Amino acid sequence: MFEDLGREEIEKRIADSHADVRDLYNYWHSKRGERLMPRRSDIDPVEIRRFLGAVSIVDVVPDPRRFVYRLVGTLDAAIRGYDPTGKSVAEAFFGGTLEETLSCYEYVVRTRGPFCYRDPYPVADGRYEEDDLIYLPLSDDGEAVMNVLVFCHSYHAYWRRGGSSF
């Protein structure tokens, strides 16, 4: 679905995103050093404390589930209304369509680089939202994507919780 997006477009999307998205991307970039992507162990939760509620770690697995939620931040779980930890992305995705969601993860695995999603998507009540999401690859061997760190800055999360802001 996103095959035609090159690195230049992804960099532009990141540059146009909320400052928190840019900050987390810059942190990821600093941790990768000369490698294509950092290891999961390079990411220190203490150093990204302010993002943790909206961070998820998704495992890339070699079976039909393909992508599985390893860790889901408390804010993300609250917005969803449940914690999808341990479930596959296919059974517990949150956002637009399943095809679109899986395409974001597939892009990261295929390119071994970040992906930034900023396209409008429908929400349950018929409105469209445009959150800033960044998908950042992690790899223990420096070649294969083993995990994807996902961060969402939601401009409209309060709509999903009955009008109360976080």
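Overview of results
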| item | result |
| --- | --- |
| Filtered residue count, region 62-76, keeping only those that are without any contact (Cβ under 8 Å) to a residue 40 or more places away in the chain and under 15 Å from Val145 (Cα atoms) | 5 |
| Hey, Glu99 modelled with pLDDT of 85 or more, farther than 19 Å from Tyr25 by Cβ and acidic (Asp, Glu) or not | yes |
| Test set (1) among the aliphatic types (A, V, I, L, M); (2) out of contact with any helix residue (DSSP H, G or I) (no Cβ under 8 Å at 6 or more places or on another chain); (3) loosely packed, with under 13 Cβ neighbours inside 10 Å - Ala15 fails condition number | (2) |
| Test: residue in region 65-77 that is in contact with a Ser or Thr (Cβ under 8 Å, 6 or more places away or on another chain), under 16 Å from Asp131 (Cβ atoms) and assigned to a strand (DSSP E or B) | yes |
| Meets criteria (within 14 Å of the chain's Cα centre (by Cα), under 17 Å from Val145 (Cβ atoms), of a type outside the set (S, T, N, Q) and not in a loop (DSSP other than H, G, I, E, B)) for Asp59 | yes |
| Only listed residue being of a type in the set (Lys, Arg), at pLDDT 95 or above and more than 20 Å from Arg118 (Cβ to Cβ), chosen from Arg66, Arg39 | Arg39 |
| Complete set of residues in region 18-51 that are free of Cβ contacts under 8 Å to residues at least 60 places away in the same chain, among the aliphatic types (A, V, I, L, M) and surrounded by 15 or more Cβ atoms within 10 Å (Cβ to Cβ) | Ile48 |
| Which numbered condition Tyr25 fails, given (1) under 24 Å from Ala90 (Cβ atoms); (2) in contact with a strand residue (DSSP E or B) (Cβ under 8 Å, 6 or more places away or on another chain) | (1) |
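The values are calculated or read from the model by the stated rules, or taken from the named source; none is laboratory data. Since we're looking at a predicted model, the values are computed, not measured. Positions of Cβ are backbone-derived with ideal geometry, glycine not excepted, and every protein chain shown enters the neighbour counts.
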